[in-house]
Structures are given as C-alpha cells and as structure tokens.
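Taking it in order: structure first as structure tokens, then the write-up.
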Amino acid sequence: MDTTIAKPTETQNFINGSFVSNGSKQMDVFSPLDGSLISTVSLSSAKEVDDAVQAARKAYPEWSGRTIKDRVQVLYKYRELLEKHKDELTQICHVENGKTWSESMAEVDKSIELTEFACSLPQIIANEVQEVSRGVEVRLDRKPVGVVASIAPFNFPNMVPHWTIPNAIALGNCMILKPSEVVPMSATRIAELLKEAGLPDGVFNIVNGGKEVVEAICDHPDIKAVSFVGSTKVAKIVYKRATSNLKRCVALGGAKNHLIVLPDAHEEMTASNVVASMSGCAGQRCMAAAVMVGVDKVDHIVSRMVQEAKKVVPGDTLGSVISKEAKERIERYIDEAEAAGAKVLVDGRKAVVKGKEGGFYVGPTIVDYVTPDMAIAKEEVFGPVISIIRTKNLDDAILVENASEYGNAAAVFTQSGSAAKEVMERASAGMIGVNIGVPVPREPFPFGGWNDSKFGVCDITGKSSIEFWTQNKKTTVKWNPEARTNWMS
C-alpha cells in the first residue's frame, strides 16, 4: 500500500465544475503520519463563497426540475466510481488524516453505503395522495430547499461529507461543501468523481478556508440550509448565526460517551469492545468511548482491558492524532488527571513511531479511579484515552452518564436484560448500545445525538435527513363540479 503523497500540490476551490485558485492566503497542510508537507490550501473569503452560491443558483432550476429517478442515476455511476477508486481514496484519507489504512478503507466503505441509501430515495419518498373529502384530493410533494451548505470536520474527511452530499443533491438541492482546511484533499477527489459521474456543473461546489468561510456561509442570504459537524463550541455558534439569518440548520457537536460495565458482562467481549471503541480512529470520533463507568466489582474486566490495550501499537494498529497541538492537549489531560489522584494503568504519552518521528502519536491510555469532577471526565479529550469512574450500583452509574452535558452515545455491557433495558430507557443520549462499544445506526436509521451533541431538528443521515433537505408542497384539487359543497370547497 502507498502511504505517501508524491509531491505537495495546491488544493483549490471547486466552483461551477472547475478548480480555481483565488490567489488568496495559502496555508500549508501536513500529514500527521510523519509531519511531511502534503499540500497547500487557499483560505478563501466571502467573495469565493458568493461565487459558489451564484454557480449553484444557476444550476438549481435544471437540476431540481429533473425527476428524482433521473437525479439518482448520477449517484449510481458515482457509487461505481467510489468502488473503482477505493484504494486511492483510502490512501488520501490515510495520509491527510493519519488514521490507519484499514480505518481509512472502512471510511470509504461507509461513504459507499451512504451513497447507496441516496440511490434508494425514489422508493422512500413517493408522493402522497389522498381523497380527503368526496371529490377533493390532497397531494403532498417533497421539494428541494434550494442552495445548501455542508461544513465538515477533520476526523472523517471522506465519510462525513457523504452524510450530506448524496442525500442533498438526490433530493434536488445544489450544495456548497466547506471541508476542514487541515484535510482538504479528500473533498477534491469527491468533486472530480461526481463530475465524472455526470453531475452538472454548479450542483456541487467546494470552498476551502476557515472561520471567514463559515461565517459567510451562515450569513449568505441565498443559502437556505446549513449542516455542521465539529466541536460543541463552534456548533453553537454556527447554529445561532445560521438560524438568526433565517436558515434551517442542524449542527452536530462534541461528545463524552459513557460505557456502563456491569460485573456480569462477558469479560473478553467487553474488554475488546471498550478498547476498540476508545482507540479506533485514535479516539478522534464522536462515537468513541470516553468514560467507562464500572459498576461494583469489575476489576477482572479492567485487567483484561489493560491486556487488550497493550496489543494496540501506534503506527501499526493505531493511527496518529491530527496535529502536534492535539497530541499536547491530550497528554495534558492525562497529566492533570494523574496529578489529581487518578491512576494511569496504560500510558500512551510520549509515543514515538520509528521512521515517523515527526508524526503525532498518542498511545492507548487507560486512566482508572477518575472522579466526575476531573476535566478528563467532563471534557472532550478526542484521543485514544478512556477514563474509568467507579460506582456502587447501576443507579449511580446512570446518574454519572446523565450528568454529562453531552448526549451523543451511551452503552451498557451486561448479560442482564433488565439492566440493559434500564440503561436503554434512562440514558440521556441519542444513540444507545447494548454490548456494542460504537453504537452507530446504519442506514436507513439516522445518526444524531441529544443535548449539547446536537442542535436543531432532524438527524443528519438516514430517513430523518429527508425532512431537513426538503420542504413540503401541498396541493388540494377538485375536479368534480357536481360534488357536494362543504367547508373544504
């Protein structure tokens, strides 16, 4: 497998079917695998956002005027191209994000699955017609919103854009994507493949950049809907700014996922699942296990977790974190917890991978005897680190989970159906797992959390996303002049 980029290139904006360089300020992009320069990216302005919006507005009448069956023909071809170029897309993701090759390929596989769901939309959103009164029919049609935008994070440069792109454009919208400026290269290839699949110019556009681009998207009067995935702090800002400009918005924020482990849990399965959940994608995912709440006597499971964690090798089965700053921040959380009295059972600080000494690695880390008031227990660490909080009973464990300001995911490991049901009903999270460390719903079920993990109505994927990307048109028809007149006619 090729884990290098041949030579650094400029990552450009994609507007109206062409790559364009705006000559603005450039930012260097480094691979977290080894710290090497892999690209430069433009930090665009509101002008480039407006250029993309105008291209999308121009393309919208023709694209939205097609039938949905016609629109998804492009996505059928696009899905084939994702399969054809899977290794290339995997390599780009691996190099720019730092996750392992297998994790990068799994991300591309998920993008293919998301595209497949969009291809099924003609069978899901058939229009509704009903005779509501003698001689009077009402018809409900789902119409696209218009020009929409998607703001994506660094941790899934291929998958998260596919949370929005296929569904939004299949439903007739024209889209502007703002990828994370630290991982802009996957988006470039997505644009090229969509064009090759036959997507008309202007239907999909990319504007690279940082804060200024996000603000311009939130403020632009012709953008009707905005999706965002990132930190809770920024999600709140984006949601408030977009909705204050009368746009619909769904903004997914951070997470602090709790895995409740009972003494009767299957030892091997639980230990391997918890460790995989906290270390997968180097812990840089909003579904990662962050806190294990151990109920009563779970030392045997903790000991097995330690064994499992020591099998996870940085640079081999564990990828890098995104930056030097991220590495320092993660290790600072561990330092502070240890100083406050927590016990580090497996220590991933100061990890170095031979041959990639310039990379940004944190080894798997298990921190026991954490108390709920510690920063590592409350704040999103976003690294391969799990904190263990001990409780005497299940009620106390659920109280710990409920006290979190986040609500993305929660899980319970037990062989007791009644205990599992208790957590399923009482945990304050939008996605629940039973003996599953990463309870991500698969299509057609939607992805989305509660509390400070999500702002806005509707979820971002699956059937729930249809409501976000469309608006209802209701038509009442009376053709029979002999029908008796009533309050409806």
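If I ask for residues that are surrounded by 22 or more Cβ atoms within 10 Å (Cβ to Cβ) and either in a loop (DSSP other than H, G, I, E, B) or touching a strand residue (DSSP E or B) at 6+ places or on another chain (Cβ under 7 Å) (or both), which ones from the stretch 216-227 would you list?
I217, C218, I223, A225, V226, S227
Just a yes or no: is a residue in the stretch 24-32 closer than 30 Å to K324 by Cα, at pLDDT below 95 and out of contact with any strand residue (DSSP E or B) (no Cβ under 6 Å at 6 or more places or on another chain)?
Within the stretch 24-32, one or more residues are closer than 30 Å to K324 by Cα, at pLDDT below 95 and out of contact with any strand residue (DSSP E or B) (no Cβ under 6 Å at 6 or more places or on another chain).
Being surrounded by fewer than 24 Cβ atoms within 10 Å (Cβ to Cβ) and in a helix (DSSP H, G or I) is the filter here, so list the residues in the stretch 195-215 that pass it.
Passing the criteria: K195, E196, K211, E212, V214, E215.
Looking at the stretch 45-102, what helices (runs of 4 or more DSSP H) fall wholly within it and have at least 3 residues that are over 23 Å from the mean Cα position of the chain (by Cα)?
46-65, 68-84
With F413, F360 as the choices, which residue is in the same structural domain as T317 (by TED's automatic domain parsing), at pLDDT 95 or above and either closer than 30 Å to K350 by Cα or surrounded by fewer than 23 Cβ atoms within 10 Å (Cβ to Cβ) (or both)?
Just one listed residue meets the conditions, F360.
If you scan the stretch 108-148, which residues turn out to be surrounded by 15 or more Cβ atoms within 10 Å (Cβ to Cβ), more than 27 Å from E80 (Cβ to Cβ) and at pLDDT 95 or above?
V145, G146, V147
Could you please let me know if T470 is closer than 30 Å to G146 by Cβ, out of contact with any helix residue (DSSP H, G or I) (no Cβ under 6 Å at 6 or more places or on another chain), surrounded by 20 or more Cβ atoms within 10 Å (Cβ to Cβ) and outside the structural domain of C249 (by TED's automatic domain parsing)?
Taking the combined requirement at face value, the residue satisfies it.
When you go through T243, T232 one by one, which is the residue that is under 18 Å from the mean Cα position of the chain (by Cα), farther than 15 Å from L177 by Cβ and hydroxyl-bearing (S, T, Y)?
The unique qualifying residue is T232.
Kindly provide the set of residues from the stretch 8-39 that are in a strand (DSSP E or B), of a type in the set (S, T, Y) and surrounded by 18 or more Cβ atoms within 10 Å (Cβ to Cβ), ordered by number.
Selection gives T11, S39.
Does the stretch 162-172 include one or more residues that are within 16 Å of K110 (Cα to Cα) and aromatic (F, W, Y)?
The answer is yes, given that some residue of the stretch 162-172 is within 16 Å of K110 (Cα to Cα) and aromatic (F, W, Y).
The values are calculated or read from the model by the stated rules, or taken from the named source; none is laboratory data. Quick caveat: nothing in here was measured; it's all calculated off a predicted structure. Counting neighbours? That spans all protein chains shown, and the Cβs are built from the backbone with ideal geometry, glycine included.
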